[in-house]
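Some notes on the structure that comes next.
The values are calculated or read from the model by the stated rules, or taken from the named source; none is laboratory data. Keep in mind the model is a prediction, meaning the values are calculated, not measured. Cβ placement follows ideal geometry from the backbone for every residue including glycine, while neighbour counts extend to all protein chains displayed.
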Amino acid sequence: MSAMTAIDMTVLREKVPEQAPGPTPPPGPGPEFDWLLAAVQTNRFMPHPSPDSIFVGDGDYRAIGAEFLGHFVRIGRLQPHERVFDIGCGIGRMAVPLTQYLDPERGSYDGVDPVMEGILWCAQTITPAYPRFRFQRLDIAHPLYNPQGSLPGIEVRFGFANGSFDFITMTSVATHLPPDELVVYLEEATRLLAPGGRLFLTAFAIDEKTGQERLSFKRWQDGPGWYAIDEAPLAAAGIDTAFLLEKATQAGLAVESFRPGHWRGISSAHYQDVLLAVKPGAGR
Ligand SMILES: C[S@@+](CC[C@H](N)C(=O)[O-])C[C@H]1O[C@@H](n2cnc3c(N)ncnc32)[C@H](O)[C@@H]1O
C-alpha cells in the first residue's frame with residue numbers, strides 16, 4: 001500500500017464511522033417490518049425466476065432479496081414513498097421484495113442492466129402488476145455479462161434527469177467493475193440523487209484490516225483494483241477502501257458509514273462490505 005493511500009485511510013477513518021462487527025442488528029423499524037421480511041422470504045406466490053435462469057450468483061434468491069430489503073431500510077433508511085434506482089438490477093432479486101415495500105402510488109423503482117434475459121423477466125413479470133417498477137436494458141459492455149456490448153462502461157450516462165432519485169443501490173455490482181468504471185458510476189449516482197438521497201453500494205473493499213478473508217485478492221497492475229480469479233478478473237473485483245471512499249467524496253457524496261462484511265472472515269450482517277453515502281442537502 002502506498003504512503004498516500006495510508007494517509008488517506010487515516011483521514012477518512014476519522015470521518016467515516018464504522019459499524020462495530022458483532023451480532024447486534026442496526027436499529028430500524030419495528031416488528032411489522034420483521035414480519036414483512038419473513039413474508040417476502042416465505043411467500044410462495046412471490047414471483048421467482050426459474051433456477052436455471054438466475055445468473056446473479058449462488059444463494060437463495062428469496063432469502064437474499066429479503067436480506068437486502070432489510071439492509072436498504074435499516075442501513076439506507078429507505079422509505080416507502082421514495083424513488084429507487086437499481087444499477088445492475090439483474091433478474092429482479094432486489095425488485096421483487098421492493099414491490100412489497102414501496103408505496104405503489106408514490107414510490108417508484110427503475111432498474112437497468114446489460115443482460116437482456118434479466119430485464120425481460122422483470123418487465124414481463126413485475127411491471128404489469130406494478131407499473132411504477134420499470135426496467136431498461138442498456139448495452140453496456142462487460143467481459144462476463146455482456147461481452148458484445150456496444151457502450152463502454154466509462155461512457156455510461158444514465159438517461160434520467162439530475163436529482164431523479166432518492167435512493168440508488170448497486171448491490172454486488174461494484175464487485176464486477178474496474179476502478180475507472182466505478183468512478184463514473186459514483187459520479188452518475190451523485191448526479192442522479194436528489195439532495196438527501198443515499199447511495200447504497202456493496203464492495204469487496206481492501207485495506208489493512210483484510211487478511212483472513214474468504215476470497216484471496218491480488219492487486220491489478222499497481223492500481224486500486226484487485227481480483228480474485230485469474231481467468232476472469234471481473235468475476236470478483238476488489239477495490240482499495242481508501243480509493244472507494246475518496247472517489248465517493250470527490251464525486252460529491254458524504255460517506256455516512258462503511259460497514260465491513262463477513263467475506264473478511266469477521267462477524268457481520270452482510271457478506272460484502274456496505275458503503276452508505278449521502279448527497280448533501282435537505283431531502284424531500
Ligand atoms: C452479481 S449480479 C447482481 C445483480 C443484482 N444487483 C442482484 O443483487 O441481484 C451483477 C449484475 O451487474 C450487472 N452488470 C455488469 N456490468 C454492469 C455495468 N457496467 N453496469 C451495470 N450493470 C452491470 C450484471 O449484468 C449483473 O446483473
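Considering only residues of region 114-126 that are in a loop (DSSP other than H, G, I, E, B) and either within 11 Å of the ligand (Cβ to nearest atom) or of a type in the set (Phe, Trp, Tyr) (or both), which is farthest from ALA161 (Cα to Cα)? Step by step, filter region 114-126, then rank; the result is VAL115.
Of all the residues in region 254-269, those that are surrounded by fewer than 19 Cβ atoms within 10 Å (Cβ to Cβ) and modelled with pLDDT of 95 or more number 3. Candidates in region 95-113 are the residues that are surrounded by fewer than 22 Cβ atoms within 10 Å (Cβ to Cβ) and not in a strand (DSSP E or B); of these, the one that is farthest from the ligand (Cβ to nearest atom) is GLU105. Scanning region 127-174 for residues that are more than 7 Å from the ligand (Cβ to nearest atom), in a helix (DSSP H, G or I) and either under 16 Å from CYS89 (Cα atoms) or hydrophobic (A, V, I, L, M, F, W, C) (or both) returns ILE154, ALA174.
Looking only at residues in region 114-125 that are under 20 Å from the mean Cα position of the chain (by Cα) and free of Cβ contacts under 8 Å to residues at least 60 places away in the same chain, the one that is surrounded by the most Cβ atoms within 10 Å (Cβ to Cβ) is CYS122. If you scan region 71-86, which residues turn out to be of a type outside the set (Val, Ile, Thr), closer than 18 Å to PHE258 by Cα and free of Cβ contacts under 8 Å to residues at least 60 places away in the same chain? Of everything in region 71-86, just one residue is of a type outside the set (Val, Ile, Thr), closer than 18 Å to PHE258 by Cα and free of Cβ contacts under 8 Å to residues at least 60 places away in the same chain, namely ARG74.
Scan region 89-106 and report the pairs whose first residue is within 18 Å of PRO131 (Cβ to Cβ) and whose second residue is acidic (Asp, Glu) and more than 8 Å from the ligand (Cβ to nearest atom), with Cβ atoms within less than 8 Å and a gap of 6+ or a chain change. Filtered contacts from region 89-106: LEU102/GLU82.
State whether one or more residues within region 63-86 are over 16 Å from the mean Cα position of the chain (by Cα), part of a helix (DSSP H, G or I) and at pLDDT 95 or above. Yes: one or more hits. Here region 32-51 is the region considered, the condition is being in a helix (DSSP H, G or I) and polar (S, T, N, Q), and the residue that is nearest to GLY70 (Cα to Cα) is GLN41. Screening region 236-246 for residues that are more than 12 Å from LEU177 (Cβ to Cβ) and out of contact with any Pro (no Cβ under 7 Å at 6 or more places or on another chain) and picking the one that is surrounded by the fewest Cβ atoms within 10 Å (Cβ to Cβ) gives GLU246.
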